[in-house]
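These notes concern the structure reproduced below.
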Amino acid sequence: MGMPFDSLEEAEKFYVNYAKISGFSVRKSSTKYRNNDGAKELYLRDFVCSKEGFKKSSTIKQTRGHVRLGCKAKISLMKDGERWKVHSLVEGHSHVLCTPRKTHLLRSHREVTNA
């Protein structure tokens, strides 16, 4: 815990690369702001496994496969002065991870290249 990063973008890039190597996809989750002399300042950001949580129930007629399976894997980053630090990390997944040959197909690891 407490691994420092110079920016939130640097921390996100680190976690996305870790996720790619490990075989899962990442998405942004909750954020928290504090009032800093009248200005909203972001001080907490969570990145979670894309299979975190559960799908909202709806009345859609066509059923599709379950995407969200209640996975608890996540990283919480907290701003400490001018730097960002890892506040908490949960590594355990409740689903099978992707193989290294297929991670490029996961949403957070897709890249569009110029032709």
Taking Lys and Arg as +1 and Asp and Glu as -1, residues besides A11 with C-beta under 11 Å from its C-beta add up to +1
Env charge @ R45, Cβ radius under 14 Å, K,R +1 / D,E -1, value +4
Net charge (Lys, Arg +1; Asp, Glu -1) of residues whose beta-carbon lies under 11 Å from that of E91, E91 excluded, is +2
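Every number in this text was worked out from the coordinates using simple rules, so none of it is lab data. Given the structure is predicted, the values throughout are model-derived calculations rather than measurements. Cβ atoms come from the backbone with ideal geometry, glycine included; neighbour counts cover every protein chain shown.
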